[in-house]
Every structure is written in structure tokens, then in C-alpha cells.
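J.: One structure, as C-alpha cells, below. Some questions next.
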Amino acid sequence: MNTTFKLSLRNLTRQKRRNAILAIAIAFGFFVVTFIDGLTSGMINNLEDMITQVAGGTVLIAGYEKQPAADENGKPLLINIVRDKEYIRNLVETNNIDYKYFSRFTQSMGQMIFNGKKFITRLQGRDFTEPELLNSFQLVEGSLDNLKNPQAMVINEKIASNLDLLVGDQVIVTTSTIYGQNTVGDFTIAAIIKGNTLVDTTQVFVNIETLNKLVEIPEGGYTTFSIILNNKKNQLKVANQIENLIREDGVNVSSRAEAVKNYPTNIDKGIDKQFVGDDLMWEGTKYGIETLNDAIPALKTVMSVVHTVATVILLVILLIVMVGVSNTYRMVLYERIREIGTMRALGMDGKTTGKVFTTEAIILCVLGACLGVVMAVVVMTIVHFIPIRNEALTFFLNKGHFSFTFSIGTVIMQYLLLIVLTSLAVRGSAKKASRMNPAEALRTVK
């Protein structure tokens, strides 16, 4: 093996110009492969993060109470509320759940009114001291210092444009309490942030305790507990784990198994059905557990399609590179016929002769691939710092910039695929070299 490797390295020093051109072609192909993979993965992660932020989390635990009808002709009242501030938090913190962070929020549909104009909006009460929330804001106007005001409101550019709002303006918000009564509140525009035209054009952020008072949720209460996981692929596992933990405590909780059985293509609807209906009654709080994929089922399909398209592109590029490698080594075989005859005449067996060709090609491809990865990392770094102002791309960006996900595991898999494809590309030439008759090879005149 050592002799084979040395011969392969020596052969690479011959025809330096051709080998350099081939290595550069391989480097460019691997650069494109690595760059596209990193860019695609980064864009998908940004889209997932943005939708996760809008939806509220990766795993969502909402609490519901059911009040009996006030009279014989009335209907039971479903109330979205969690009164026990610490119960879900304690479950998450004491049961080895791999989370990035968690949050509590209160949500209510409402209408903003300013200078005679109205706009339907989704109010989300949040803790404005959460660093993860503040880091997600891309400020256009205003300051985060303004969020210290209990009546502060954060809106996006779309709402600001529709209502002609500026930082400092006061708006009236009409909504309803958790018991169904209409209520009105005043808020001050503290900041205007960039909005995503795909998913969050109606969402505004306000102080959670201010919204709680407006909708009559006791201090410390909320409507939904959200968990943002380190690995989004674990969302189903974590949802099932929390469901089982709540059930073991003897507390009412939704059944994912029942939802899957009754609504296999719409888990979100299956879980919601376990809370509605005049005949469904329970004491205290009943928890409903959903995942991001349940709430936005199309997201999983979109991600799958994007990954599939990216994989096909990567394979096509690698195959094109391999065609070049195959053609090059057919020419190399022709040039070295007499040399092969000499090596065979001196005692080298056919198998070793074929290995020299294959090893030489693999070394050349790996060196070219290493150069391609270095080029990709450099270009990724440069592109990351370029601001992008295309509105159509905003939901794929991280604060107005492309971000790249560089996975060592993915690069290793690509290297292994490269080695396999290289071996297949030169297999024909290597087989011909191994089967060549020494005497005929020495008599060949080129």
C-alpha cells in the first residue's frame, strides 16, 4: 500500500499543468457543492427560526378551563389560561429536556385604531426582558429602551404603513377578555421593526402583564408556554414526553395518539377537537400540547422539498465533475501504456497497477475538494457580511444577512461520496490497466 501511495504521488507531479487544471475544476465543483449546501441549510434554518418566533416556539403548551353554561340555553365557555406560573416550567427544567430557552406569552386577537383607520391584529404579550426576543427584533425606528414603558407596543413596517404610525404615537386597541367581554386599551408605539410579508404582517408585541390586565388574566398567568429546542427534530419526542409527565401527575392533558388516530393529516385539528364541544367538561386546567409541525404542517413539506432539490443539485454537480475525471484518466491510460508494460514486466501485478490509477485519482480529488472547502468558507464569510435589501428574501435572512450552516458531518459525507464516485469514474481505466498484457503494452507505439 505504501508503494502504491508513493507511485500515485509521483505520478501527480507529472503533467503538472493538466493535474492542476483538473484539481481546480474539482475544487470549483466542491466549492459550489459546499457553498450551495451551506447557503440552503442556512436559509432553511432562518426560515424555521422566523416561523418558530412567530408561532411562539417549537413545542407549545396551552392551558384551557371550561366553565358551565350560565343558563339552560347557554353554552359552556372555553377559557385559554394557565394560572400556575411554575408548573410547566418545573417539568421542563427537571426532566432533562434539551431546550435552548423557554418563554411564556399571552395571545389575543384585536383591532388597532388610529386617526379613524382600523387594522385587525394579533396581540402577543411577551416579557420584554427576554434577550432572545429582543435579539429577534430588527429595528427600523425607535429604541429598545422604550420597552420599559408598560404601555409599549412593537409593530412591524406593514402595520406602520397601513395606519401611518410613527414612534411615539398612541393607538387604541380593542380586544376581548378571556371571558368574552369587549375591552379597550391604550398603547404607545415604542419601536417599529422589519416585518416578514409571509408570516407575521398582523402580529404586534406588548408587555405581557399589561395585556394580562386587559384580558383579565391574573398576574403571572399566561395562555401558552413555549419551548424552543436546540434540535427541532426532537419536537415530537419532547411533546410526547411532556404529555406523559403531565398525565402521570394526574392532570388533564390532550392525547396525541387520539389526534393522530382521528386526524392523521391534521394533528393540530385533532388536538383542538379535544377541547371544543358542549359535552366536553373537566375540572381545573387541561393542557393542550402541540409542536411547530402540528401548527404549521406545510412547513415540514416545504423543508423536505427544499432539502430534496438541494441534494439533487449537489449530486448533479458532483456527477459533472466525475465525467471530467473519467475522461482525463482515459487519456492518462493511453499516455502510460508503455510505462504500465514496464511496471508489469518488472513484477507489478495487475491488481496493484489498477490501485495506482485509483489512488492517484482519489488523492487528486481530495486535494481539490480541500481547496474547494477553503474557498467556500472564505466566500461564505464575505457574503455573510453583505447586507441584503431584497424584500422577497427577508424570511430567508438573519437580520438582513445570509447565514450559512457549515456541518462537519455533511462535509465528511460529501468527501466519502466524492471518493466513491471517483473510484467509479476511474474504474474502467484502472481495470484496463490491470488487465493489460506487458508484452503488448511494451510493443505499443504512441
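J.: Under a 1.4 Å probe, what is the accessible area of the range 214-298 per residue, stated in Å²?
T.: Ligands and nucleic acids excluded, the figure is 50 Å² per residue.
J.: For the range 240-297, which chymotrypsin sites (Phe, Trp or Tyr not before Pro) are in a loop by DSSP, counting at most 12 other Cβ atoms within 10 Å?
T.: Sparse-neighbourhood loop chymotrypsin sites (Phe, Trp or Tyr not before Pro): 282.
J.: About the Cα centre of the range 155-281, how large is the charge dipole given +1 on each Lys and Arg Cβ and -1 on each Asp and Glu Cβ? Please answer in debye to the nearest 20.
T.: That gives a dipole near 660 debye.
J.: So for each of 169-182, 223-236 I average, over its residues, the number of other beta carbons within 10 Å; can you give me the resulting order with the highest mean first?
T.: Descending packing order for the listed peptides: 223-236, 169-182.
J.: By a straight-distance test (C-alpha under 25 Å), which lysines pair with residue 432 as possible cross-link partners, with residues fewer than eight away in the same chain excluded?
T.: 6, 16, 351, 355, 446
J.: To continue, here is another question. Normalised by the residues of the chain, what does the relative contact order come to in percent, with Cα pairs under 8 Å and at least six apart?
T.: On the way: 703 pairs, mean separation 114.7, N = 446.
Worked out over the chain, it gives 26 percent.
J.: Something else about it: In whole angstrom, how long is each semi-axis of the equivalent ellipsoid of the chain, when you take the square root of 5 times every eigenvalue of its Cα gyration tensor and sort them from largest down?
T.: One finds semi-axes of 63, 26, 16 Å for the chain.
J.: With N residues in the range 1-110, what two-decimal value do you get for its Cα radius of gyration over 2.2 N^0.38 Å?
T.: Scaled against compact globular proteins, the figure is 2.29.
J.: Ordered by residue, what ³J(HN,Hα) values in Hz, to whole numbers, does the range 144-157 give under the Karplus form 6.51 cos²θ - 1.76 cosθ + 1.60, where θ = phi - 60° and Gly and Pro are x?
T.: Whole-Hz 3J(HN,Hα) from phi for the range 144-157: 5, 5, 5, 6, 5, 5, x, 9, 5, 9, 10, 10, 9, 4.
J.: Let me ask you something else. Among the aspartates and glutamates, which have Cα under 12 Å from the Cα of residue 75 when same-chain residues fewer than 8 positions away are ignored?
T.: Result set, ordered by chain and number: 278, 279.
J.: Can you compute 3J(HN,Hα) from phi for each residue in the range 108-124, using the Karplus curve 6.51 cos²θ - 1.76 cosθ + 1.60 with θ = phi - 60°, rounded to whole Hz and x for Gly and Pro?
T.: Per residue, the Karplus-derived 3J(HN,Hα) values read 7, 7, x, 9, 8, 10, 8, 6, x, 9, 10, 8, 5, 9, 10, 7, 10 Hz.
J.: Follow-up question, since we're still on this one. Can you give the calculated 222 nm mean residue ellipticity of the chain, where each DSSP H run of n ≥ 4 adds -39,500 (n - 2.57) and the sum is split over every residue, rounded to the nearest 500 deg cm²/dmol?
T.: -16500 deg cm²/dmol
J.: Want the number for residue 233 to residue 248: 0.36 nm per residue separation, take away the alpha-carbon distance, what's left?
T.: Net length gain for the segment: 2.9 nm.
J.: Which residue, chosen from 183, 259, 211, occupies the Cα position most advanced towards the positive end of the dipole of the range 145-280, where the dipole is computed from +1 (Lys, Arg) and -1 (Asp, Glu) charges on Cβ about the Cα centre?
T.: 259
J.: Any idea what the dipole of the chain comes to, in debye rounded to 20, about its Cα centre with Lys/Arg Cβ at +1 and Asp/Glu Cβ at -1?
T.: Numbers: 45 positive and 40 negative charges, 833 e Å.
So the magnitude is around 4000 debye.
J.: A further question follows. For a quick check of your reading of the filter: which GluC sites (Glu not before Pro) in the range 177-229 sit in a DSSP loop and have no more than 16 other Cβ atoms within 10 Å?
T.: Hits after loop and neighbour filter: 216, 219.
J.: For each pair in 118/194; 148/213; 213/399, compute the distance between the two Cα atoms and list the pairs where it is over 24 Å.
T.: The answer is 213/399.
J.: What Kirkwood hydrodynamic radius, in Å, does the range 358-399 give when the mean of 1/r is taken over all pairs of distinct Cα atoms and then inverted? Write out the running numbers ahead of the final one.
T.: Working: mean 1/r = 0.0781 Å⁻¹.
One decimal place: 12.8 Å for the Kirkwood radius.
J.: Mind putting a number on the dipole of the range 106-191 about its Cα centre? Charges go on the C-beta only, +1 for Lys and Arg and -1 for Asp and Glu, and I need it in Debye to the nearest 20.
T.: My answer is approximately 320 debye.
J.: Under DSSP H, which helices of the chain have Cα atoms covering 15 Å or more of the helix axis and a Kyte-Doolittle average no less than 0.0?
T.: Those that clear 15 Å and a mean of 0.0 are 16-55, 297-335, 350-384, 408-425.
J.: While we're here: On a straight-distance basis, which lysines could pair with residue 100 in a cross-link, Cα separation under 18 angstrom, same-chain partners fewer than 8 positions away excluded?
T.: By straight Cα distance, residue 100 reaches 232, 233, 237.
J.: Using each residue's phi in the range 267-277, evaluate 6.51 cos²θ - 1.76 cosθ + 1.60 at θ = phi - 60° and report the 3J(HN,Hα) Karplus result to the nearest Hz, with x for Gly and Pro.
T.: 4, 4, 5, x, 6, 4, 5, 7, 10, 9, x
J.: Can you find, among 78, 23, 287, the residue farthest towards the positive end of the dipole of the chain? Put +1 on the C-beta of Lys and Arg, -1 on that of Asp and Glu.
T.: Towards the positive end, the residue furthest out is 23.
The values are calculated or read from the model by the stated rules, or taken from the named source; none is laboratory data. The model shown is predicted, which means the values in this text are computed figures rather than measured ones. In this analysis, Cβ positions are derived from the backbone assuming ideal geometry, glycine residues included, and neighbour counts consider all displayed protein chains. Protein only, heavy atoms only, side chains kept; ligands, DNA and RNA dropped before computing areas. Shrake-Rupley method; radii C 1.70, N 1.55, O 1.52, S 1.80 Å.
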